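Have a look at the structure below before the remarks.
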Amino acid sequence: MEIRNLLNHTSEWLKGSGPNSDIVISSRIRLARNLSNASFPHWASKKQGEETLDKIKEGFSKVDYLKNTTFLELAKMDSLDKQFLVERHLMSLDHAQKTNSKAVVVDDEEIVSIMVNEEDHIRMQVMQSGFNLYEAWNIINKIDEAIAEKLDFAFLSDWGYLTACPTNAGTGMRGSVMLHLPALVMSQAIDRVLAAIAKLSFTTRGLYGEGTQAMGNFFQISNQISLGPSENEIIESINGLIRQIIEQEIQAREVLSSKNSPLLEDRINRSLGILRSARIITSQETTELLSMVRLGSDLGMVKDIDRRRINELFIVTQPAHLQKIEDKKLSSQERDIKRAQIIREKLNI
Amino acid sequence: MLCNICNKNPATVHLTEIIDGQMSELHICEDCARKKSQAMEQQFGLSDLLAGMADFDKTKSEASAIGMSVKCPICGLTYADFKKIGRLGCGECYNTFRKYLGPLLKRIHGSTQHTGKFPAKAAKVSRKRTGIQELRIRLSKAIESEAFEEAAKIRDQIKELENKELKKKE
Ligand SMILES: [Zn+2]
Ligand SMILES: [Zn+2]
């Protein structure tokens with residue numbers, strides 16, 4: 001696989017399909033695994049780290065499920081390519097910044113990605129578009145099983161899979177659902193919802209676009225507890241919570257579009273107007289305006305632009321994507337110009 | 001509005017953070033957000049938990065002073081290292097520091113019993129191994145309740161079982 005080729009490809013999680021995809025962007029399951037009798041990445045010497053990397057590479061090469069994947073060693077990648085994969089949510093920013101004995105494994109469809117020697121020896125993730133944690137679990141469970149036949153994992157019958165940080169021990173599993181909640185934010189009910197979530201054992205984060213910026217109206221909710229409940233129980237508890245939040249967002253959207261329809265339509269169409277005509281635009285502004293357009297599309301107020309095209313714009317307007325498209329380094333101002341141009345092209349069809 | 005962290009740059013990033021059930025609003029600049037997003041991935045409230053553990057350790061200061069300098073036989077990490085960096089050194093550390101990690105896992109997860117899947121290989125091994133693991137749990141309980149005679153017996157049983165396993169491997 002050539003990293004460049006991903007430019008012409010829509011990641012699975014951005015397809016805008018799947019259950020509840022008006023509100024749920026994507027569902028992701030991550031599993032942390034470590035080899036037995038080998039130091040964790042942060043504690044390993046350079047030589048040990050390399051040995052682990054080789055062992056994992058060798059193990060993966062024998063796994064049928066990973067046939068259509070590419071094993072990318074970070075030491076051999078330039079920083080733009082690494083940032084590009086971070087923007088596509090195929091690896092963490094932290095992983096991209098340290099190169100020693102590290103790798104990322106990506107499949108052609110961008111459903112599966114595996115970080116090698118990040119905080120744990122193996123961190124695999126499967127992403128699905130829409131509200132679909134079980135499907136993500138079914139896929140990752142098979143991959144995990146296939147890998148476990150080739151590599152020995154650190155495991156105890158009472159404490160489960162052993163991880164560098166005890167917060168991940170047990171199932172080693174983190175399920176995350178990324179939500180778009182503009183109506184709850186606009187009606188200022190989001191604080192109440194987040195406070196309710198906070199009482200349960202879940203974490204909420206913003207979505208980090210541009211590697212750094214919290215993007216308006218996007219919230220990622222994940223389980224905090226990984227030891228005790230089974231994988232299915234964890235998924236069920238996340239699903240129960242997400243269903244309630246979806247219900248609240250639907251209600252807030254109904255209230256907004258019935259009571260404040262002119263105001264809402266105005267805001268949505270102004271956002272679209274700016275995106276269609278701006279000549280210079282920052283990543284932050286793009287995100288905020290696209291969020292409104294996405295809401296407009298969900299509510300049928302914007303008719304000619306589908307969700308998938310909006311989802312793609314969130315990603316292709318990120319800095320490394322703009323530079324891959326141009327195939328050269330761009331200054332911040334050059335990026336803002338290029339970003340505006342691409343948005344105009346995609347939204348004025 | 002100025003950045004809540006550095007108080008220098010204008011705040012352009014607005015975050016709602018929830019750590020251990022506490023919600024707080026943060027308005028910060030791009031630079032601080034970059035640092036924060038990395039720190040958040042790593043910290044995850046663990047420092048608070050470890051700080052809590054320090055108090056727990058004080059009550060058993062004598063036992064812990066010895067325990068803290070014990071090195072993991074596989075990776076060489078001590079419990080003092082763990083408290084400093086918040087990460088264990090290898091899988092075997094969980095056995096080495098079982099006594100301290102049990103209560104910590106309980107605080108983090110509210111449980112110390114995995115009920116999820118087993119790796120296929122471990123499923124085979126663990127049936128043989130549960131004997132040893134069971135004994136290890138009994139050993140740490142015996143030490144905690146200062147039943148040293150019983151502890152010594154259990155330790156011998158563990159050694160015996162481990163030697164048997166080693167011979168099988170050879
Ligand atoms: Zn700042
Ligand atoms: Zn160790």
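The values are calculated or read from the model by the stated rules, or taken from the named source; none is laboratory data. Predicted model, so just to flag it, every value in this text is computed and none were measured. Quick reminder, even Gly has a Cβ in these numbers, built from the backbone with ideal geometry, and neighbours come from all protein chains shown. Accessible surface areas use protein heavy atoms only, side chains included; no ligands, DNA or RNA. Shrake-Rupley method; radii C 1.70, N 1.55, O 1.52, S 1.80 Å.
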**Message:** From the gyration tensor of the Cα coordinates in the range A:1-160, what semi-axes in whole Å does the equivalent ellipsoid have, largest first, with each one equal to sqrt(5λ)?
**Reply:** 25, 20, 14
**Request:** Enumerate the amide H contacts of A:ASP152 below 5 Å, restricted to partners 5 or more residues apart or on another chain; note that Pro and chain-start residues carry no placed amide H.
**Result:** A:SER36
**Residues of the range A:222-324: accessible area per residue with a 1.4 Å probe, Å²** = 41 Å²
**Item:** B:CYS6 accessible area, 1.4 Å probe, all protein chains in place, Å² to nearest 10
**Value:** 40 Å²
**Prompt:** Sequence-distant or interchain residues sharing an amide H contact under 5 Å with A:SER26, placed H: which?
**Reply:** A:GLY130, A:MET178
**Request:** Can you tell me the alpha carbon radius of gyration of the range A:132-283 divided by the globular rule-of-thumb value 2.2 N^0.38 Å?
**Result:** 1.34
**Item:** Estimated inter-spin distance, B:LEU161 and A:ASN269, nm [label 7 Å along Cα→Cβ]
**Value:** 7.5 nm
**Fill in**
The ratio Rg/Rh over the Cα atoms of the range A:94-173, Rh being the Kirkwood inverse mean 1/r radius, stands at 0.97
**Message:** Show me, for the range B:86-92, the HN-Hα J-couplings you get by feeding each phi into the Karplus relation (A = 6.51, B = -1.76, C = 1.60, θ = phi - 60°), rounded to Hz, glycine and proline as x.
**Reply:** x, 10, 7, x, 6, x, 5
**Item:** Fraction of alpha-carbon pairs over 25 Å apart in chain A - percent
**Value:** 54 percent
**Message:** With equal scatterers on the alpha carbons only and no solvent term, can you work out the Debye log10 of I(q)/I(0) for the range A:38-111 at 0.12, 0.25, 0.27 1/Å?
**Reply:** -0.34, -1.23, -1.29
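Go through A:LYS15/A:LYS303; B:LYS71/B:LYS159; A:LYS76/A:LYS338 and tell me which ones have a Cα-Cα distance over 22 Å in this structure.
Those over the limit are A:LYS76/A:LYS338.
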**Request:** At 1.4 Å probe size, with no ligands or nucleic acids counted, give the accessible surface of A:MET1 in Å², nearest ten.
**Result:** 80 Å²
**Request:** Quick one: which residues, 5+ away or cross-chain, put their amide H under 5 Å from the amide H of B:ALA11? H built at 1.01 Å from N.
**Result:** B:LEU2, B:CYS3
**Request:** Treating each Cα of the range A:210-349 as an identical point scatterer and ignoring solvent, apply the Debye formula and state log10 I(q)/I(0) at q = 0.12, 0.13 Å⁻¹.
**Result:** -0.61, -0.70
**Fill in**
Computed over chain A, the relative contact order (Cα-Cα under 8 Å, seq sep at least six) in percent reads 20 percent
**Asked** Taking trypsin sites (Lys or Arg not before Pro) that fall in a DSSP loop and have at most 13 other Cβ atoms within 10 Å as cut points, what is the longest piece of chain A between them?
**Response** A:99-278
**Message:** Within chain A, which is the longest segment that contains none of the GluC sites (Glu not before Pro) sitting in a DSSP loop with at most 15 other Cβ atoms within 10 Å?
**Reply:** A:110-349
